[in-house]
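Asker: Below is the structure I would like to discuss, written out as structure tokens.
The values are calculated or read from the model by the stated rules, or taken from the named source; none is laboratory data. No experiment lies behind these values; they were computed from the predicted model shown. For neighbour counting, all protein chains shown are included, and Cβ atoms are generated from backbone atoms with ideal geometry for every residue, glycine included. Ligands, DNA and RNA are stripped out before the accessible areas are found, and what is left, the full protein with its side chains, is counted by its heavy atoms. Shrake-Rupley method; radii C 1.70, N 1.55, O 1.52, S 1.80 Å.
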Amino acid sequence: MSNIFGKIKGKAKRIYYDRFIDREKHMFHAYQKRFFQYAFHVDKCNSKMQYETIITKYYHAIEKGLAFTDYRAGFGRDNINTLIRLMEEYSQKYDVNSFCYKTSLCTLYTYVEKNRKYGLEDTELEKRINSLPGTANQQGGVLEFAPISDGQECNYESLVMGRHSIRHFSDIPVDMDILNRALSLAQQTPSACNRQGWGTIVIQDKNKISDMLNYQNGNAGFGGEIDVLLLVVAELQAFNCDREVFQPYVDGGMYAMRLLDSLCYHGIATCPLSAALTPEQEENVRRIAEINESEIPILFIGIGNYPETCQTTKSERHNPLTRYV
Ligand SMILES: Cc1cc2nc3c(=O)[nH]c(=O)nc-3n(C[C@H](O)[C@H](O)[C@H](O)COP(=O)(O)O)c2cc1C
């Protein structure tokens with residue numbers, strides 16, 4: 001395409017260019033329409049998949065609270081009420097033997113049990129939870145694990161199965177040489193035409209980290225323990241106006257995943273943190289992280305060293321969704 005573009009000049013070039021822009025706009029609007037048609041809105045669901053996704057989101061928040069070392073008995077009552085309401089609705093419409101429903105039930109039972117251990121008994125809440133139909137599995141709650149250490153022999157499967165998001169870190173600072181090794185390894189991520197249109201902003205200053213995390217939506221209760229904050233960005237200058245409006249998110253996302261694995265391989269604890277931001281949050285993040293105009297945020301990664309005992313959310317996976325056509 002760049003060859004043809006190079007040969008045509010003046011008005012013809014402008015027309016050609018306008019056609020690119022029109023096509024990108026069309027792709028963008030078509031996506032936007034599809035997105036609003038199918039994505040869930042806060043906690044109102046119209047389909048089984050929307051219910052299961054949002055139930056997962058809510059029980060995951062409970063798993064997070066259960067995994068905190070500094071446990072707060074009775075935490076998250078509003079979320080728990082919403083989750084129970086969603087599960088009641090779900091049970092009236094769909095099969096309560098689904099993985100999602102059973103795992104959610106298991107998480108709620110674990111929550112009640114842990115609160116009781118901490119001396120908190122809420123009979124009203126327990127009655128509501130116990131009256132939910134169906135039986136629990138064992139797949140919700142907290143996972144304890146031994147982390148992979150730097151230099152440890154590990155094959156691909158043990159790396160994948162041994163990487164977990166962690167939200168508690170030791171006081172020992174991250175060795176920046178190890179971080180740099182992980183960054184070099186992650187550079188091996190495949191990308192469209194090997195363009196490698198990504199970058200990582202490394203923030204070590206604790207005031208900056210805490211300032212930045214004020215504008216991120218998922219670090220409550222543990223953000224203050226993060227030793228170094230990474231922000232993966234995609235560089236728009238590496239992408240073509242023709243058809244590639246979403247490609248920066250694909251390449252940037254693939255790189256972010258590789259970086260998580262590389263850090264895990266080198267014995268560094270990580271927690272991916274969403275960079276799905278409101279415009280106001282993004283403006284502040286851009287200012288604090290000094291992001292170039294040509295870059296877009298893809299993912300924050302909070303890093304640190306592993307604590308002595310590692311516990312995190314079970315975050316069990318459901319079966320892969322595959323269709324053979
Ligand atoms: C794009 C993305 C955004 C995430 N955002 C957050 C977040 O804001 N806060 C958080 O505690 N965890 C966040 N996570 C971590 C997920 O909760 C976690 O990956 C998931 O539960 C699976 O668990 P695992 O990473 O231990 O396998 C995020 C993960 C991804 C991939």
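Asker: Could you check GLY140 against (1) assigned to a helix (DSSP H, G or I); (2) open to solvent by less than 40 Å² (accessible area, probe 1.4 Å) and say which number it fails?
Answerer: (1)
Asker: Can you tell me which of (1) touching a residue at least 60 places away in the same chain (Cβ under 8 Å); (2) within 14 Å of the chain's Cα centre (by Cα); (3) closer than 22 Å to LYS64 by Cα is the one LEU259 doesn't meet?
Answerer: Among (1) touching a residue at least 60 places away in the same chain (Cβ under 8 Å); (2) within 14 Å of the chain's Cα centre (by Cα); (3) closer than 22 Å to LYS64 by Cα, LEU259 violates only (3).
Asker: Shifting gears a bit: Going by the conditions given, is ARG287 more than 15 Å from the ligand (Cβ to nearest atom), modelled with pLDDT of 95 or more, assigned to a helix (DSSP H, G or I) and basic (Lys, Arg)?
Answerer: yes
Asker: To continue, here is another question. I'd like to check something: does the stretch 291-306 contain any residue that is outside any strand (DSSP E or B) and either near the ligand (Cβ under 9 Å from one of its atoms) or closer than 22 Å to GLY65 by Cα (or both)?
Answerer: yes
Asker: Across the stretch 77-108, what is the number of residues that are surrounded by 17 or more Cβ atoms within 10 Å (Cβ to Cβ) and not hydrophobic (A, V, I, L, M, F, W, C)?
Answerer: Matching residues across the stretch 77-108 total 8.
Asker: Same structure again: Please work out which one of (1) in a loop (DSSP other than H, G, I, E, B); (2) closer than 16 Å to LEU260 by Cβ; (3) within 16 Å of the ligand (Cβ to nearest atom) is the condition GLN216 fails and give its number.
Answerer: (2) is the only condition that GLN216 fails.
Asker: Report every pair of residues separated by at least 6 positions or lying on different chains whose Cβ atoms are under 6 Å apart, first residue within the stretch 162-176 and open to solvent by 60 Å² or more (accessible area, probe 1.4 Å), second away from the ligand (no atom under 13 Å from the Cβ) and of a type in the set (D, E, K, R).
Answerer: Listed by first residue and then by second, the contacts come to PRO173/ASP227.
Asker: Sticking with this one: Any residue at all in the stretch 236-244 that's at pLDDT 95 or above, within 15 Å of the ligand (Cβ to nearest atom) and either outside the structural domain of GLN187 (by TED's automatic domain parsing) or not in a loop (DSSP other than H, G, I, E, B) (or both)?
Answerer: no
Asker: Which condition breaks for SER315 when tested against (1) within 16 Å of the ligand (Cβ to nearest atom); (2) open to solvent by 30 Å² or more (accessible area, probe 1.4 Å); (3) at negative phi?
Answerer: (3)
Asker: Follow-up. Please indicate, with yes or no, whether at least one residue in the stretch 36-44 is over 30 Å from PRO307 (Cα atoms), among the acidic types (Asp, Glu) and without any contact (Cβ under 8 Å) to a residue 60 or more places away in the chain.
Answerer: Residues of the stretch 36-44 over 30 Å from PRO307 (Cα atoms): 36-44.
Retained after the next criterion (residues that are among the acidic types (Asp, Glu)): 43.
Subsequent filtering for residues that are without any contact (Cβ under 8 Å) to a residue 60 or more places away in the chain retains 43.
Yes, the stretch 36-44 has at least one match.
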